[in-house]
Every structure is written in C-alpha cells, then in structure tokens.
C-alpha cells in the first residue's frame with residue numbers, strides 16, 4: 001500500500017500548492033472595476049423665436065364694368081316691353097318696346113346685372129349729356145373679421161380696391177391700394193374693437209365691354225394688448 005500512500009501525499013501537496021497560486025477569489029477591493037457608469041445627455045435647442053406673422057391671401061378675377069343690356073352708356077333705353085302676337089292666328093311673335101327714354105334715377109336701371117348694389121342716391125343731372133350718365137355699382141369681394149385685440153395688417157392689395165371698416169356700427173373707408181405706396185404694410189383701423197373689413201370696388205357702366213381685372217390681397221392678423 002506504499003504506492004497509495006505516496007499518491008495521497010502527492011495529491012495533498014499539489015492541492016496546497018495550487019490553492020496558494022490561485023488565491024481565494026477575493027481581492028479586498030483591488031481588481032477590475034465593474035461599477036455602472038452614468039451617461040449624461042445634453043439637449044440643445046437651436047431654434048429661434050422670430051414672431052413672424054402668418055400671412056393670408058384672397059383673390060380672383062372680375063369684370064371692371066357692369067352693363068344693363070336695356071340701356072346704353074348714356075342711360076337711354078327701353079322703359080318696358082310688351083309681347084306682340086300674330087294677327088292671323090294669335091301666336092306670339094316678339095317683344096316690342098313700349099317707350100324709350102333716358103334713365104332719371106337709379107330705379108330706371110336693372111340692378112340684377114350689376115352683381116352688387118347700385119348707388120341709391122344717383123339721379124341724372126341735366127339732359128341728356130350733362131352729369132353722370134349712369135350709376136356706379138358697388139361690388140364686395142371679401143370680408144375680414146377681427147376681434148378686439150387683433151390687428152389687421154395689409155401687405156399687398158390690387159384691383160383698385162377700397163377697405164370699408166365697420167366697428168360698433170360706425171363705417172369708414174380705412175384703406176385703398178394707394179395707401180400702401182412706399183410702405184411695407186398698412187395697419188388698418190379698429191384693432192381695439194370687434195370689426196369687419198370689407199374689400200369693395202365701384203364699377204362704372206359700359207356697353208359690351210368685357211375687360212377683366214384681378215383683385216388680390218395679402219394680409220396678417222396679429223395679437224395686440226388693448227389698453
């Protein structure tokens with residue numbers, strides 16, 4: 001059994017040697033640093049606030065004259081029409097003018113062909129060539145409503161337009177195309193009140209004139225403090 005004792009002694013000696021080489025597995029704080037790191041994320045806002053206005057635009061085309069087909073440029077036309085019938089069989093033949101005359105007041109014109117509202121105060125001055133031969137026709141294109149504390153600024157307006165502003169029941173013409181000449185923009189009256197701003201044009205009367213034009217507006221509405 002000597003060989004087994006020798007093997008036992010050899011194995012025990014080897015175990016003691018290897019235990020001293022590898023240690024116990026503890027390092028008393030020394031060794032690899034496995035601590036969890038902290039990640040710092042910085043957020044940078046590179047945007048800038050410019051308070052730029054939001055622009056709005058409206059526009060279209062329109063005939064620059066209105067025409068009552070029953071009257072010419074001087075207001076001369078038929079006062080009324082009557083149907084004419086064939087004497088042989090009584091069937092309808094055609095319409096015939098009862099009488100001809102110059103229009104004397106706005107009621108002698110047919111407002112239906114105006115597309116807007118005729119000048120209710122128009123009357124003929126003189127006969128037949130003197131004075132205004134026909135009433136103007138007021139056509140509204142669009143209306144912009146603002147509340148108290150909202151300022152209407154117009155940057156562009158074309159079409160020989162006028163802005164009619166109504167606030168608290170009072171109406172005034174507050175801007176025209178020409179008002180913008182030499183200006184970047186025009187602030188329209190009424191920023192401290194609830195108002196409506198209507199763009200309109202006065203059209204003259206003309207026979208068989210198909211001339212067209214463009215109306216256009218670019219504007220912004222910005223908040224203001226009412227004091």
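Tell me, please, whether a residue that is more than 18 Å from the chain's Cα centre (by Cα) and more than 24 Å from residue 117 (Cα to Cα) can be found in the range 194-201. Steps first, please.
To start, the set of residues in the range 194-201 that are more than 18 Å from the chain's Cα centre (by Cα) comprises 194, 201.
Within this subset, residues satisfying the condition of being more than 24 Å from residue 117 (Cα to Cα) are 194.
Yes - at least one qualifying residue is present in the range 194-201.
Filter the range 70-91 for residues that are in a loop (DSSP other than H, G, I, E, B) and touching a strand residue (DSSP E or B) at 6+ places or on another chain (Cβ under 6 Å) and give the result. Step through it out loud before you land on a result.
Here is the first cut: in the range 70-91, the ones in a loop (DSSP other than H, G, I, E, B) are 70, 72-75, 86-91.
Residues satisfying the conditions are 70, 75, 86.
So which pairs qualify, if the first residue must be in the range 76-98 and farther than 19 Å from residue 109 by Cα, the second must be in a loop (DSSP other than H, G, I, E, B), the Cβ gap must be under 6 Å, and the two must be at least 6 apart or on different chains?
93/86
Identify all residues within the range 155-178 that are on the phi < 0 side of the Ramachandran plot and touching a residue at least 24 places away in the same chain (Cβ under 8 Å); write none if there are none. Steps first, answer last, please.
Looking only at the range 155-178, we keep the residues that are on the phi < 0 side of the Ramachandran plot, and these are 155-158, 161-167, 170-178.
Once the filter is applied, which keeps residues that are on the phi < 0 side of the Ramachandran plot and touching a residue at least 24 places away in the same chain (Cβ under 8 Å), the range 155-178 yields 155, 156, 157, 158, 161, 162, 163, 164, 165, 166, 167.
Pairs, please: C-beta under 8 Å, at least 6 apart or cross-chain, first residue without any contact (Cβ under 8 Å) to a residue 40 or more places away in the chain and in the range 207-227, second surrounded by 10 or more Cβ atoms within 10 Å (Cβ to Cβ)?
Listed by first residue and then by second, the contacts come to nothing, as the list is empty.
I need the strands (runs of 3 or more DSSP E) fully contained in the range 128-196, keeping only those with at least 3 residues that are modelled with pLDDT of 95 or more and either surrounded by fewer than 18 Cβ atoms within 10 Å (Cβ to Cβ) or touching a helix residue (DSSP H, G or I) at 6+ places or on another chain (Cβ under 6 Å) (or both). Before the answer, list the steps.
Details: elements: 137-146, 150-158, 162-167, 170-176.
In the range 128-196, 137-146, 150-158, 170-176 are the strands (runs of 3 or more DSSP E) which contain 3 or more residues that are modelled with pLDDT of 95 or more and either surrounded by fewer than 18 Cβ atoms within 10 Å (Cβ to Cβ) or touching a helix residue (DSSP H, G or I) at 6+ places or on another chain (Cβ under 6 Å) (or both).
Quick one: how many residues across the range 197-227 are surrounded by fewer than 16 Cβ atoms within 10 Å (Cβ to Cβ) and either in contact with a helix residue (DSSP H, G or I) (Cβ under 7 Å, 6 or more places away or on another chain) or part of a loop (DSSP other than H, G, I, E, B) (or both)?
So the count comes out to 9.
Keeping to the range 57-109, report how many residues are loosely packed, with under 13 Cβ neighbours inside 10 Å and under 30 Å from residue 217 (Cα atoms).
The total comes to 3.
The values are calculated or read from the model by the stated rules, or taken from the named source; none is laboratory data. Keep in mind the model is a prediction, meaning the values are calculated, not measured. Using ideal geometry, Cβ is built from the backbone for each residue, glycine included, and neighbour counts are taken over all protein chains shown.
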